[in-house]
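Undergrad: Mind looking over this structure? Questions follow.
The values are calculated or read from the model by the stated rules, or taken from the named source; none is laboratory data. Since the model is a prediction, treat every value here as computed from it, not as a measurement. Quick reminder, even Gly has a Cβ in these numbers, built from the backbone with ideal geometry, and neighbours come from all protein chains shown.
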There are 2 protein chains.
Amino acid sequence: MMLDRGLVLMSDTRTNSGVDNISTFRKMYHWSFPGERIISIMTAGNLATTQAVISQLEERTKAPSERHNCLLEAPTMYQVATIIGNLLQDIISTRATDNGQKAAAGTFSASMIVAGQIKGMEPRLYLIYPEGNFIEASYDTPFFQIGETKYGRPILIRGYDRDMSFESAVKLMTVSFDSTLKANLSVGLPLDLLVIGRDEFVPKHERRIDGNDPYFRAISTGWSEALRAALDALPDYRMEQRAYERVR
Amino acid sequence: MMLDRGLVLMSDTRTNSGVDNISTFRKMYHWSFPGERIISIMTAGNLATTQAVISQLEERTKAPSERHNCLLEAPTMYQVATIIGNLLQDIISTRATDNGQKAAAGTFSASMIVAGQIKGMEPRLYLIYPEGNFIEASYDTPFFQIGETKYGRPILIRGYDRDMSFESAVKLMTVSFDSTLKANLSVGLPLDLLVIGRDEFVPKHERRIDGNDPYFRAISTGWSEALRAALDALPDYRMEQRAYERVR
């Protein structure tokens with residue numbers, strides 16, 4: 001999510017190959033070069049694919065010979081997104097080719113959100129597709145979701161304000177995740193949270209939020225109660241005042 | 001949705017073949033045999049398929065020779081659901097076979113919700129799959145959704161009570177549809193509403209709700225405001241009180 005003050009990122013940690021094979025894996029990564037740049041990636045989709053992308057980015061960032069093509073040296077966030085997109089597309093298509101194109105395209109698919117800022121430029125937020133191309137967030141579309149996006153989307157649409165505080169943004173995202181967690185077993189606690197302040201280039205705040213977290217529990221319980229109270233406060237439909245309109 | 005007092009059904013009316021080809025078609029049908037039985041069907045998926053199912057049910061119900069195999073004569077709601085499921089599966093698979101099985105299975109797919117009551121028995125609610133099999137609602141799973149189910153689901157999960165009034169249930173379903181309408185262009189006004197009272201066998205209330213409907217507008221506006229107020233009332237996250245836990 002892109003705010004006037006910076007960027008707020010949240011991810012879950014559940015991966016599954018069917019409901020009987022559930023694991024916890026980190027889906028949020030970041031690289032901070034204090035005073036220079038901070039770059040974060042969140043992943044969704046095939047875990048082998050996304051881990052391969054992250055590992056190759058890590059290796060390139062460490063190997064001096066690859067510095068021209070890494071997160072540390074790319075001159076703009078646009079080029080960072082291009083590098084990551086090309087790497088993602090390459091890994092998916094190589095794996096698909098190795099296994100015969102037919103069933104494989106979807107199997108190895110993954111998408112990513114890339115967020116960050118390079119000194120002297122604005123914070124940027126990108127959504128990278130499995131095909132390697134990407135779109136950038138603007139204040140018309142100030143947040144991206146990947147993975148299971150639907151259950152948590154209505155509250156994001158309604159609750160977002162570009163000038164909201166980081167604290168309110170984390171609240172909004174926690175509520176959004178709570179709706180998704182309650183509806184879809186493939187999304188699960190703990191959540192990872194990263195707050196990136198504008199022009200700071202180090203994480204302003206990072207945290208893993210598990211099911212015992214008092215704040216998460218307060219939001220989860222409080223939101224259920226608040227929704228029911230909000231629903232109660234709306235006027236009931238009134239059948240008796242309606243003309244009986246036979247529509248069939 | 002199944003309540004102690006009966007059944008409440010709501011459907012939208014939008015169909016599309018791509019965003020540039022949007023039409024309005026009824027997706028809710030009912031047959032009432034006063035004093036005897038009331039049966040309603042809601043549809044999602046391929047419009048040619050669902051209209052074929054409805055047309056064939058209509059014809060059978062009118063033809064005396066087919067009476068043994070129609071909505072009017074089936075002795076239980078289970079048998080009604082079986083008849084509709086078989087018909088749906090037959091229409092999809094015939095169309096798929098005619099066009100070569102390969103790409104066709106999904107193309108002609110559709111699903112249905114069947115709700116109703118036959119005198120002397122309980123009201124029943126079924127979800128029928130494209131394969132012709134079906135599941136029945138219980139008070140553990142007291143409502144079904146077909147089509148675009150996700151955006152509107154969290155509020156249904158939280159707002160449902162089996163002993164709620166019809167008026168509250170309509171409110172809940174209007175809120176649920178409003179979230180979906182705001183998120184997905186393939187769902188559109190007007191909405192069709194049908195209320196079936198237990199042991200009544202004629203519609204208690206039926207109505208088409210369009211965008212000018214004062215109740216719909218009150219709910220749509222009121223719910224946005226109520227959500228934002230509910231969100232404001234929850235405690236903000238507090239970054240400063242958290243131990244800085246470096247998680248990577």
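Rundown of residues vs (1) touching a residue at least 60 places away in the same chain (Cβ under 8 Å); (2) crowded, with 20+ Cβ neighbours inside 10 Å, yes/no style:
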position	(1), (2)
B:K62	no, no
B:E66	no, no
B:E73	no, no
B:V80	no, yes
B:D90	no, no
B:G106	no, no
B:S109	yes, no
B:G116	yes, yes
B:K119	yes, no
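Undergrad: Would region B:137-145 turn up any residue that is at pLDDT below 95 and either more than 25 Å from B:L3 (Cβ to Cβ) or crowded, with 17+ Cβ neighbours inside 10 Å (or both)?
TA: no
Undergrad: If a residue must be charged (D, E, K, R) and either surrounded by 20 or more Cβ atoms within 10 Å (Cβ to Cβ) or without any contact (Cβ under 8 Å) to a residue 12 or more places away in the chain (or both), how many such residues does region B:152-167 contain?
TA: Count: 4.
Undergrad: Using the structure shown, decide if A:G197 is modelled with pLDDT of 95 or more, more than 15 Å from the chain's Cα centre (by Cα), more than 26 Å from A:P34 (Cβ to Cβ) and more than 8 Å from chain B (Cβ to nearest Cβ).
TA: On the way: modelled with pLDDT of 95 or more: yes; more than 15 Å from the chain's Cα centre (by Cα): yes; more than 26 Å from A:P34 (Cβ to Cβ): no; more than 8 Å from chain B (Cβ to nearest Cβ): yes.
It is false that A:G197 is modelled with pLDDT of 95 or more, more than 15 Å from the chain's Cα centre (by Cα), more than 26 Å from A:P34 (Cβ to Cβ) and more than 8 Å from chain B (Cβ to nearest Cβ).
Undergrad: In region A:1-47, what count of residues is obtained for those that are free of Cβ contacts under 8 Å to residues at least 60 places away in the same chain, part of a strand (DSSP E or B) and more than 18 Å from A:E59 (Cα to Cα)?
TA: Of the residues in that region, 2 qualify.
Undergrad: Here is a further query. Exactly one condition in (1) closer than 28 Å to A:Q145 by Cβ; (2) touching an Asp or Glu at 6+ places or on another chain (Cβ under 7 Å); (3) crowded, with 18+ Cβ neighbours inside 10 Å is not met by B:F216; state its number.
TA: The number of the failed condition is (2).
Undergrad: Of the numbered conditions (1) over 16 Å from the mean Cα position of the chain (by Cα); (2) assigned to a helix (DSSP H, G or I), A:I84 satisfies every one except a single condition; which is it?
TA: Among (1) over 16 Å from the mean Cα position of the chain (by Cα); (2) assigned to a helix (DSSP H, G or I), the lone unmet condition for A:I84 is (1).
Undergrad: Would you please name the residue that is surrounded by the most Cβ atoms within 10 Å (Cβ to Cβ), looking only at residues in region B:17-49 that are away from every other protein chain (no Cβ under 14 Å) and under 18 Å from B:D210 (Cβ atoms)?
TA: B:I22
Undergrad: Then there is this: Residue under question is B:R208, and the condition is that it be surrounded by 14 or more Cβ atoms within 10 Å (Cβ to Cβ), of a type outside the set (A, V, I, L, M, F, W, C), within 11 Å of chain A (Cβ to nearest Cβ) and under 23 Å from B:R37 (Cα atoms); does it hold?
TA: yes
Undergrad: Just to be sure I understand the filter: pairs with C-beta atoms under 6 Å, separated by 6 or more residues or on different chains, first member in region A:168-189 and within 7 Å of chain B (Cβ to nearest Cβ), second member of a type in the set (F, W, Y) and part of a loop (DSSP other than H, G, I, E, B). Which pairs pass?
TA: Correct list of pairs: A:V170/B:Y237; A:K171/B:Y237; A:S179/A:Y151; A:A183/A:Y151.
Undergrad: Considering only residues that are within 19 Å of the chain's Cα centre (by Cα) and assigned to a helix (DSSP H, G or I), which ones fall in region A:90-112?
TA: Matches in region A:90-112: none.
Undergrad: Within region A:151-159, can one find any residue that is of a type outside the set (D, E, K, R), under 24 Å from A:I41 (Cβ atoms) and facing chain B (nearest Cβ under 7 Å)?
TA: Among the residues of region A:151-159, at least one is of a type outside the set (D, E, K, R), under 24 Å from A:I41 (Cβ atoms) and facing chain B (nearest Cβ under 7 Å), which makes the answer yes.
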